[in-house]
Every structure is written in structure tokens, then in C-alpha cells.
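This report refers to the structure that appears directly beneath it.
The values are calculated or read from the model by the stated rules, or taken from the named source; none is laboratory data. Bear in mind that the values here come from a model prediction, so they are computed numbers and not experimental data. Ideal geometry is used to build each Cβ from the backbone, glycine not excepted, and the neighbour counts take in all protein chains shown. Areas reflect the complete protein model, heavy atoms only, side chains present, ligands, DNA and RNA absent. Shrake-Rupley method; radii C 1.70, N 1.55, O 1.52, S 1.80 Å.
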Amino acid sequence: MRADPAEFRLVSPGDLQVVLSLLASEPTEWLPIAGGTDLMVLYSAGKLPNRKLVNIWNIPELRQIEVFPDTIRIGAACTYTALRGHDVVSREFPLLAAAASWTGGIANQNRGTLGGNIANASPAADSLPALLVYDADVTLISVRGNRRLVYRDFHQGYKQTALAADELIRDISLPRRFSGYVSHARKVGARNAQAISKVCLAALGIIANGTIRDVRLALGSVAPIPLRLNETERSLTGKKIEPSLIGAVRQSVVGEIRPIDDIRSTARYRAAVAANLVVEFLEKLAAERTRA
Ligand SMILES: Cc1cc2nc3c(=O)[nH]c(=O)nc-3n(C[C@H](O)[C@H](O)[C@H](O)COP(=O)(O)OP(=O)(O)OC[C@H]3O[C@@H](n4cnc5c(N)ncnc54)[C@H](O)[C@@H]3O)c2cc1C
């Protein structure tokens, strides 16, 4: 059942305060649209419940990437193309740049935004594990003011988020303190391009005096929300990477995730791949230490 355009209203004020006032006036009626790459799929299928859309693509405050001495602040309406092309993002946040590079195809990367990926809250979304390991904060904005939230508290259940109906994600801040870390990003899908992840991993680690000083692991597509592997991280910290550790790590990863069978994969496959990806990362971390 395709949607009838005559039933929809789209406005484009081009001004943040006007957009916020509109959202506040009828919060459950108006829906922000950024790149439209998720919304237009719903629209085409006749499954978009809202009939009033407000464009946020042309709001300058949401399109900037600002670099400060300790943080980088990414406007929510920045595209994957903007992220891929940004010097500091590519150099200091390679996990995010990698996720941007394998999100859809080029056309999708020219329109799709980081804020849209977060708000759409798919457990399979590719950039979200990177935001978890980089300790992102998000700023939410409404006529009531700004509030800053630790990103790991944003997703509250399958497609449930901390975002109120009258709020926009304004920006995403990442601390600039991970450039010395070994990073590993992996997406496993049916093919390399244009595939939704069966499992995706973002991992960071650093070794000091032969033991793991800090390790950060996040997975997509293995639970109702993007998942940070807190227990596995704890069990690895302070340890030497040696063969005897690997079996326990596999068990710990499988114990923490909650994969399901769906159209793209099975829970069993996802569990096996998730454990393999973490082990692959640890082997890379160990090899980097040997090289250092
Ligand atoms: C062909 C194709 C391939 C794709 N491949 C991938 C892939 O490989 N990996 C992946 O992760 N995703 C993929 N996607 C999904 C999509 O491109 C991303 O989720 C994208 O980041 C969505 O951003 P958008 O700006 O287009 O969101 P929109 O469609 O504009 O909005 C999506 C949702 O977010 C809300 N929203 C948007 N911006 C804000 C904001 N600033 N504040 C509050 N709410 C907001 C909207 O109201 C809506 O509910 C694909 C989509 C298509 C069509």
C-alpha cells in the first residue's frame, strides 16, 4: 500500500527555534525529517504514521562539526559523507569513519545523518557501537532548553529512546582521548555493500606493560539495543592476551548478548560471529603490542 502525498504536509522553516516551536505545539503530530533515508522507506511503504513533517536538513546549527581541544562536536544532521571527509573524525575516530563508509551506498551517505541513525534506533545501525566505545554524549534540545545525556543511556529498549516527542538531537560530542588506542571495526553482512549488519563490532584497546590497560567493546545486531560488553571488558582488563584467555572470552561474549533469529540471520550464527570478532580484535591488539 503506497502513501498518498496529498495526505502529507512538509514544512521547511530553516530556523532551529521555529522548528522547536512547531514540535512543542503538537509534539506527537510533527516529525522531524533530516536525510529522509529511513523515513522515506516507511513513507513509500505506506507505514509512516505521522502526516506532518518538518525539515531539519537545512538548519545550520545541526550541520556543523566543531573541534575543541578536548572534544569534537558533531551536529546531528551531519551526513556520513561529511564524517568520512572530516580530517579529525578520520584520524581520531576511525571506528566512526569506518561505519560511515559502509553505511548504504554513496547516495545514502550523501543524505543519511548521524542523528537520524541514532533517533531511528535500529539495533543493527552501524554507527552506534562506535559512539558507545568513544563515550559519546548527546545534546537534546527543545523549547524547554538543552539537556546533555550520556549516549549509553539514550537507548532504553527496542526502538525506545530517551528522546521526548518535542526534542531534537542537536549534537553528538566525543572526547578526543582515544588516538593512542588500537581500533577494530567489523561489519558482517550478506555482502560488503548495501547490507544490513548481521553483526557489527566497534572495539578499542590499549596495552601497557604487557597487560590490557583499557578495552572497549560494543556490538550491533545482537540485542534489542546496541550493546556495550561491560562484563567482558571487566574480565579482560589487567590481563595478558594469551591462549588460555580466549575460551573464557568467547563464553563471556555469548553470555552478554541477546541475539535473535530473524530474516537476516540466526541467533546461533550471530553468537558465534560476535565471539569470533572479539577474539579477532584481541589477536590484533596482541600483534600491535608485539610490533610496538
Ligand atoms: C538503501 C539504504 C541503505 C541503508 N544502509 C544502512 C546501513 O548500512 N547501515 C545503517 O546503519 N543504516 C542504513 N540505512 C538506514 C539510514 O540510512 C540511516 O539510519 C540514516 O542514518 C538515517 O538518517 P536520516 O537523516 O536519513 O534519517 P531520517 O530518515 O530523516 O529520520 C529517521 C528518524 O530519525 C528522526 N530524526 C532524524 N534526525 C533527528 C534529530 N536530529 N533529532 C531527532 N530525531 C531525528 C526522524 O524523525 C525519524 O524518526 C540505510 C537506508 C537505506 C534507504
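Screening D135, D153, D126 for residues that are on the phi > 0 side of the Ramachandran plot and acidic (D, E) leaves exactly one candidate, D135.
For S235, indicate whether it is without any contact (Cβ under 8 Å) to a residue 24 or more places away in the chain and either of a type in the set (S, T, Y) or open to solvent by 60 Å² or more (accessible area, probe 1.4 Å) (or both). It is true that S235 is without any contact (Cβ under 8 Å) to a residue 24 or more places away in the chain and either of a type in the set (S, T, Y) or open to solvent by 60 Å² or more (accessible area, probe 1.4 Å) (or both). Within the stretch 140-158, the set of residues being without any contact (Cβ under 8 Å) to a residue 40 or more places away in the chain and within 14 Å of the ligand (Cβ to nearest atom) comprises L140, N146, R147, L149, Y151, F154. Do we find a residue being in contact (Cβ under 8 Å) with a residue 24 or more places away in the chain, open to solvent by 20 Å² or more (accessible area, probe 1.4 Å) and hydrophobic (A, V, I, L, M, F, W, C) anywhere in the stretch 272-291? Looking for residues that are in contact (Cβ under 8 Å) with a residue 24 or more places away in the chain, open to solvent by 20 Å² or more (accessible area, probe 1.4 Å) and hydrophobic (A, V, I, L, M, F, W, C), one finds none in the stretch 272-291, hence no. Within the stretch 158-203, if we keep just the residues that are open to solvent by 30 Å² or more (accessible area, probe 1.4 Å) and among the aromatic types (F, W, Y), the residue that is nearest to R270 (Cα to Cα) turns out to be Y158. Residues that are touching an Asp or Glu at 6+ places or on another chain (Cβ under 8 Å), assigned to a helix (DSSP H, G or I) and under 18 Å from L20 (Cα atoms) are absent from the stretch 51-58.
Looking at the stretch 152-160, is at least one residue of a type in the set (S, T, Y) and under 12 Å from the mean Cα position of the chain (by Cα)?
First, the residues of the stretch 152-160 that are of a type in the set (S, T, Y): 158.
Next, from what is left, pick out any that are under 12 Å from the mean Cα position of the chain (by Cα): none.
No, every residue in the stretch 152-160 fails to be of a type in the set (S, T, Y) and under 12 Å from the mean Cα position of the chain (by Cα).
Yes/no per residue for (1) open to solvent by less than 10 Å² (accessible area, probe 1.4 Å); (2) β-branched (V, I, T); (3) part of a loop (DSSP other than H, G, I, E, B):
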position: T81; (1), (2), (3): no, yes, no
position: L96; (1), (2), (3): yes, no, no
position: N108; (1), (2), (3): no, no, no
position: G116; (1), (2), (3): no, no, no
position: A119; (1), (2), (3): no, no, no
position: Q156; (1), (2), (3): no, no, no
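Among the residues making up the stretch 121-135, a single one is within 8 Å of the ligand (Cβ to nearest atom), modelled with pLDDT of 95 or more and either assigned to a helix (DSSP H, G or I) or out of contact with any helix residue (DSSP H, G or I) (no Cβ under 9 Å at 6 or more places or on another chain) (or both): L128. Flag: I65 does not match the condition of being near the ligand (Cβ under 9 Å from one of its atoms) and among the hydrophobic types (A, V, I, L, M, F, W, C).
Select from the stretch 68-110 the residues that are within 9 Å of the ligand (Cβ to nearest atom) and among the small types (G, A, S) and list them in ascending order.
So the first thing to find is which residues in the stretch 68-110 are within 9 Å of the ligand (Cβ to nearest atom), and the list is 75-77, 79-80, 99, 102-105, 107-109.
G75, A76, A77, A99, G104, G105, A107, listed by residue number.
Of the residues R91, R147, R177, the single one that is assigned to a helix (DSSP H, G or I), at pLDDT 95 or above, farther than 19 Å from W57 by Cβ and more than 14 Å from the chain's Cα centre (by Cα) is R91. The one condition from (1) closer than 30 Å to A24 by Cβ; (2) assigned to a loop (DSSP other than H, G, I, E, B); (3) open to solvent by less than 60 Å² (accessible area, probe 1.4 Å); (4) not acidic (D, E) that K47 does not meet is (3). I206 meets the stated requirement of being away from the ligand (no atom under 13 Å from the Cβ) and more than 24 Å from T103 (Cβ to Cβ).
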